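Enquirer: Can you keep this structure in mind? I'll have questions shortly.
The values are calculated or read from the model by the stated rules, or taken from the named source; none is laboratory data. These numbers were taken from a predicted model, which means no experiment stands behind them. Ideal geometry is used to build each Cβ from the backbone, glycine not excepted, and the neighbour counts take in all protein chains shown. Keep in mind that these areas ignore ligands, DNA and RNA; they rest on the heavy atoms of the full protein, side chains included. Shrake-Rupley method; radii C 1.70, N 1.55, O 1.52, S 1.80 Å.
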Amino acid sequence: LHLQALRERRTIADLVTAIGARRVLEIGTAIGYSGLWIARALPADGMLFTIEKNPERAATAKANFARAGVGDRVSVLVGDAALKVAKVSGPFDLIFQDGHK
């Protein structure tokens, strides 16, 4: 993993902690790497909602979240974020846009 990418993930985790985020929306899950940093930074009753367009990547992300022990804090939604975001009820303390712009 590129050192800059690692720093960025630590920064997002630090931000989650610093603002005391409890509910986070991530757009663009991929295999769950950024989401894992976010979920680990959430309090035990926190929740990450993450949207991934590709079903195979979403399945990989779900497995990675479960394997890391944070599966209970993450809801992976599969589909186009432009359509799915309206179905996720806020408010959110943080929205992380990590998908293709």
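Enquirer: Hey, can you tell me all the residues within the range 54-94 that are among the basic types (Lys, Arg) and at pLDDT 95 or above?
Expert: Narrowing the range 54-94 to residues among the basic types (Lys, Arg): 57, 62, 67, 73, 84, 87.
Those that are among the basic types (Lys, Arg) and at pLDDT 95 or above: Arg57, Lys62, Arg67, Arg73.
Enquirer: Let me ask something else. Return yes or no: is Phe49 at pLDDT 95 or above, open to solvent by 20 Å² or more (accessible area, probe 1.4 Å), assigned to a loop (DSSP other than H, G, I, E, B) and of a type outside the set (S, T, N, Q)?
Expert: Details: at pLDDT 95 or above: yes; open to solvent by 20 Å² or more (accessible area, probe 1.4 Å): yes; assigned to a loop (DSSP other than H, G, I, E, B): no; of a type outside the set (S, T, N, Q): yes.
No: the conditions fail for Phe49.
Enquirer: Would you please name the residue that is farthest from Gly99 (Cα to Cα), looking only at residues in the range 21-46 that are open to solvent by 10 Å² or more (accessible area, probe 1.4 Å) and in contact with a Ser or Thr (Cβ under 7 Å, 6 or more places away or on another chain)?
Expert: The residue in question is Ala41.
Enquirer: Still on this model: Could you check, for the range 14-25, whether at least one of its residues is closer than 19 Å to Val85 by Cα and assigned to a loop (DSSP other than H, G, I, E, B)?
Expert: Within the range 14-25 (the criterion being closer than 19 Å to Val85 by Cα and assigned to a loop (DSSP other than H, G, I, E, B)), the answer is yes, since at least one residue qualifies.
Enquirer: Still on this structure, please answer the following. Do we find that Lys87 is touching a residue at least 24 places away in the same chain (Cβ under 8 Å), open to solvent by 30 Å² or more (accessible area, probe 1.4 Å), over 23 Å from Asp14 (Cβ atoms) and among the basic types (Lys, Arg) in this structure?
Expert: So Lys87 fails the test.
Enquirer: When you look at Gln97, is it in contact with an Asp or Glu (Cβ under 9 Å, 6 or more places away or on another chain), modelled with pLDDT under 95 and surrounded by fewer than 18 Cβ atoms within 10 Å (Cβ to Cβ), yes or no? Talk me through it step by step, then tell me what you get.
Expert: On the way: in contact with an Asp or Glu (Cβ under 9 Å, 6 or more places away or on another chain): yes; modelled with pLDDT under 95: yes; surrounded by fewer than 18 Cβ atoms within 10 Å (Cβ to Cβ): yes.
For Gln97, the condition - in contact with an Asp or Glu (Cβ under 9 Å, 6 or more places away or on another chain), modelled with pLDDT under 95 and surrounded by fewer than 18 Cβ atoms within 10 Å (Cβ to Cβ) - is met.
Enquirer: Then there's this: Residues of the range 55-73 being exposed (fewer than 15 other Cβ atoms within 10 Å of the Cβ) and without any contact (Cβ under 8 Å) to a residue 12 or more places away in the chain, which ones?
Expert: Once the filter is applied, which keeps residues that are exposed (fewer than 15 other Cβ atoms within 10 Å of the Cβ) and without any contact (Cβ under 8 Å) to a residue 12 or more places away in the chain, the range 55-73 yields Glu56, Ala59, Ala63, Ala66, Arg67, Gly69, Asp72.
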